[in-house]
Structures are given as structure tokens and as C-alpha cells.
Amino acid sequence: MRKGHNLFSGTGVAIVTPFKRSGAIDFDAFEKIIEHVVNGGVNYIVLLGTTGESATLSKQEKKTLIKFTVKFLNGRIPLVLGMGGNDTNEIILSIHATPFQGVDAILSVCPYYNKPQQEGVYQHFKTIAEASPVPVILYTVPGRTGSNISASTTLRLARDCDNIAGIKEASGNLDQIFQVIAHRPEGFLVISGDDALTLPLIASGADGVISVTANAYPSMVAGIVEHTMAGKLKEARLLHYQLLELTNSLFADGSPSGIKAALEIKKLCENVVRLPLVPVSDEAYSRIHQAIKKLEQ
């Protein structure tokens, strides 16, 4: 069976990195958020992803966050590290410099800006898989990166690299996702990278979600996933539509700015993001606030 199979099915949360007004990492708030999502029933945490604003964290901050999270989480649920980029060699150096004790996998985004050919994408991830001491989850999100992992490349990597556990699919291309689900080898996970598509993708054979919304409402997101995987579509649809207005509002003015606003409203952290991101507009904040009021009335 493929290494890491089932460890990353279900609900993952792309966890935020909370900041103080000074711009420093707020570790007290981070503890609160970790407890919130663990108690809410998520199956694993993804640290240092896009939602965690990894692009604006220094190497030292990343090391400190990893050490802090491993210690505080204490093995309660698996931990995945975001570890990607557009320089293959730099990623390999980062892998070699990272202590993986307490880390269960890495999530690696498709190289951005360079716009590699599919052969380059294949060689990039094959090299990472060979270097990584833990399973690798691919991540395609062309809306952010300007490049894509095609279905044929994903399937080629799935067949050739036992250390690649699955893919987080945020392409929005349903035909591409369905091709991977239909032709993947046994044990290769397909994980939704789009909160709003979680229910239909799992109903079509996907294995879960890595969710932004779960930072604020972990139990509801986990409920959608669990009900859909169990074939309880009526129950899943109820939660899906209850949460849909908030989910859409979180992304209307950029992410993770939206989820930071929601977490401030829920008194879990400050509404602070690092430049070049800025907080959501007053109009977007009001929309998020109204959606939360409706959910909690």
C-alpha cells in the first residue's frame, strides 16, 4: 500500500499564521487556533501553506513555527509542512535542513512564475519525492501559480513515485480532477483544495479537503466531509449550504485576508496580514460578519 495512505484523508486545515499588531507571530493566538481546530475534529494540520502566509515568513520564523507546532500539537493529529517553490534545488536544500521529527508529510505547490513544461513539473516533483523522508502531497493551484499539474503528469507521478501520497487539487478543472480520480493507482489520494467544491468532489470519489474555512468552523467542515464520505448526502448538503455564504465571503476580497477577518470576529486572533497582503475592505468585512452572525444565531 502507498506510503501515507489514509493518513491524510478526511479534513485537513490550512492553518493561518496569526500576527500581533506589531507584525510579530502571535504564538498565544496560535495555540488557541490549534486547540480550536483539533477540538473541532480536523484530521490533520497543514502548516506554512498559502493560508499561513509562508511567502512572507523568514527562514528563522519557519523553523520556530515548526518547532513550536510539533511540541504543542504533541502528536495528537498529523502535521503537514508546506514546502514548495520555483527553485527545485532550493527546496531540496530546505528538506535537508528541516528536522522532520513530528512531521508526517510535505505539501509542495506547483512551481510558479517559471511556467515549466509538464516534463519539468514531473522532474521537479520526482526529485522532491526522492529527497523527502516523509510522503509528498502535490498541490496544483494555477489561479495563484500560473502553472498547472496536468492529469497525465499527476498520474505519471502517482505511478512512478511511491513517496507521493496524493494531490491537493485546486485547479477548478473538474474534468482534470475526475481524470485523476478515475485512473489513479490504489492508495493515491485526491484532496479538494477548494472549500466550495468539497462536497461534489468527495461525492465523485475524492478523499477529503485541505480547508481554509476550517480555521473558523472546523466541526462544520469536518461534518461535510464525514457525511459525504459516509454517503449521507442529505446531512452533508445541509451543512454545505449553511456554510456556503461564509465560505464565498472569505475569498471575495482575497485569502487569507478573509479568514483573518473571520478569526478576529470569533476572537481567535488579530486581523493582521503581512504586506503585500492587506486586510479585507470594510464592505467585505461586513459581509463576513453578517455570514458569521447568521451561522451562530
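Just so it is clear, none of the values below were taken in a lab; they were calculated from the coordinates. None of the values given here were measured: they were computed from a predicted structure. When we count neighbours, we look across all protein chains shown, and the Cβ atoms used for this are built from the backbone with ideal geometry, even at glycine.
Would you please classify the overall shape of region 1-155 from the alpha carbon gyration tensor, given that a ≥ b ≥ c denote the square roots of the eigenvalues, rounded means a/c under 1.5, and beyond that prolate means a/b larger than b/c while oblate covers the rest? The shape class here is prolate.
Of the residues Val70, Pro116, Thr127, the one whose Cα sits farthest toward the positive end of the charge dipole of region 55-130, with +1 on the Cβ of Lys and Arg and -1 on the Cβ of Asp and Glu, is Val70. Cross-link reach is defined here as a Cα-Cα straight distance under 16 Å, omitting same-chain residues fewer than 8 places apart; for Lys71 the lysines meeting it are Lys32, Lys62, Lys63.
Computed per residue of the chain from DSSP H runs no shorter than four, each worth -39500 (n - 2.57), the mean residue ellipticity at 222 nm is -14000 deg cm²/dmol. Each pair of Cα atoms in region 247-290 enters the Kirkwood radius, and Stokes-Einstein at 4 °C and 1.567 mPa s then converts it into a translational diffusion coefficient of 130 µm²/s.
For region 10-233, the share of DSSP beta bridges that are antiparallel, to the nearest 5, is 5%. Judged by the gyration tensor of its Cα atoms, with axes a ≥ b ≥ c, region 138-297 is oblate; a/c meets the 1.5 cut and b/c is at least as large as a/b.
With distances taken between every two different alpha-carbon atoms, region 75-168 has a Kirkwood hydrodynamic radius of 13.2 Å. Overall form of region 10-60: oblate. Here a/c, set by the Cα gyration tensor axes a ≥ b ≥ c, is 1.5 or more, and a/b is not larger than b/c. The distance from the alpha carbon centre of region 46-89 to that of region 142-174 is 21 Å, rounded to a whole number. Using Cβ point charges alone (K and R +1, D and E -1), the dipole size of region 10-233 about the Cα centre works out to roughly 340 debye. Rg and Dmax over the alpha-carbon atoms of region 209-276 stand at 13.3, 43 Å. Largest GNM mean-square fluctuation across Ala55, Ala29, Ala158, computed for the chain with C-alpha springs under 10 Å, falls on Ala55.
Given the pairs Lys67/Lys293; Lys126/Lys260; Lys115/Lys168, which span a C-alpha to C-alpha distance of over 27 angstrom in this model? From the list (Lys67/Lys293; Lys126/Lys260; Lys115/Lys168), the Cα-Cα distance tops 27 Å for Lys67/Lys293; Lys126/Lys260.
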